[in-house]
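The values are calculated or read from the model by the stated rules, or taken from the named source; none is laboratory data. All values derive from a computational prediction rather than experimental measurement. All Cβ positions, even for glycine, are placed from backbone atoms using ideal geometry, and neighbour counts span all protein chains on display.
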Amino acid sequence: MRVIETALPGVLIIEPDVLADNRGFFLVTYSAKRYADAGLPESFVQDNHSRSVPGTLRGLHYQLEQPQAKLVRCIRGALFDVAVDIRKGSPTFARWIGVELSAANKRQLFIPPGFAHGFCVPIEESEMEYKCSDYYAPDDEFGIVWNDPTLRIEWPIEDPVVSAKDSQFGPLSADGEDLPLYKGG
């Protein structure tokens, strides 16, 4: 497996080794020891599966008191996955990266705690699976509006289908009390 650093320290692209032949393919999607040896410090307690129709945009979500690291992969179709650094005091505060994850490229994206996460489905119905380092806590869910004018995320879709909840989120503010703190490193 190859681990690729991104412009956001701690956010990593993982390219698994794929064994393919005329029968199909095999790959290891997660091995605690292998991933820890590669520098992913998190253990995971919850797996989620999401299916979305074309044009769907979900996010940008995060939890504050029970922050979640996520290990995201697309198992059907393709999606554009985004991580935003929302840690107050971080040298990369308000910067984002976007990565295409697809069933074809089999890439994964590791997003550590302290980052907001969202994704969109540009072309075809798609499914993603992701591991979380803490349990989902509905009372601890926060978000940033997907089209925040300060972030200027370059989503590859226009006029996305967004949930009522996600459309009510406000923009990112460095003065916000509901943001995690950067702890250095």
I'm trying to understand the selection: among the residues of the range 32-53, which are modelled with pLDDT of 90 or more and assigned to a loop (DSSP other than H, G, I, E, B)? PHE44, VAL45, VAL53
The range 129-156, subset assigned to a strand (DSSP E or B) and charged (D, E, K, R), residue nearest to ALA103 (Cα to Cα): GLU129
Can you tell me which residue is modelled with the lowest pLDDT among those in the range 150-172 that are of a type in the set (Asp, Glu) and within 21 Å of VAL53 (Cβ to Cβ)? GLU158
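Across the range 1-24, what is the total count of residues that are in contact (Cβ under 8 Å) with a residue 12 or more places away in the chain and either farther than 17 Å from ALA69 by Cα or touching a helix residue (DSSP H, G or I) at 6+ places or on another chain (Cβ under 6 Å) (or both)?
Filtering the range 1-24 for residues in contact (Cβ under 8 Å) with a residue 12 or more places away in the chain gives 1-3, 6-18.
This time we only want the ones that are either farther than 17 Å from ALA69 by Cα or touching a helix residue (DSSP H, G or I) at 6+ places or on another chain (Cβ under 6 Å) (or both), so: 1-2, 7, 15-18.
Adding up the residues that qualify gives 7.
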Does the range 128-173 hold any residues that are surrounded by fewer than 12 Cβ atoms within 10 Å (Cβ to Cβ), more than 15 Å from ARG58 (Cα to Cα) and either in contact (Cβ under 8 Å) with a residue 24 or more places away in the chain or in contact with a strand residue (DSSP E or B) (Cβ under 6 Å, 6 or more places away or on another chain) (or both), and which are they? TYR135, THR150
PHE110 being over 22 Å from ASP17 (Cβ atoms) and assigned to a strand (DSSP E or B): no
Conditions: (1) surrounded by fewer than 17 Cβ atoms within 10 Å (Cβ to Cβ); (2) under 26 Å from VAL45 (Cβ atoms); (3) of a type outside the set (D, E, K, R). PRO113 meets all but one. Number of the miss? (1)
Residue check, GLU100 against (1) of a type outside the set (Val, Ile, Thr); (2) in a loop (DSSP other than H, G, I, E, B); (3) surrounded by fewer than 20 Cβ atoms within 10 Å (Cβ to Cβ), all met but one. Which one? (2)
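Could you check the range 1-31 and list, in sequence order, the residues that are part of a loop (DSSP other than H, G, I, E, B) and either among the β-branched types (Val, Ile, Thr) or more than 22 Å from PHE115 (Cβ to Cβ) (or both)?
Across the range 1-31, the qualifying residues are THR6, VAL11, ASP17, ASN22, ARG23, VAL28, THR29, SER31.
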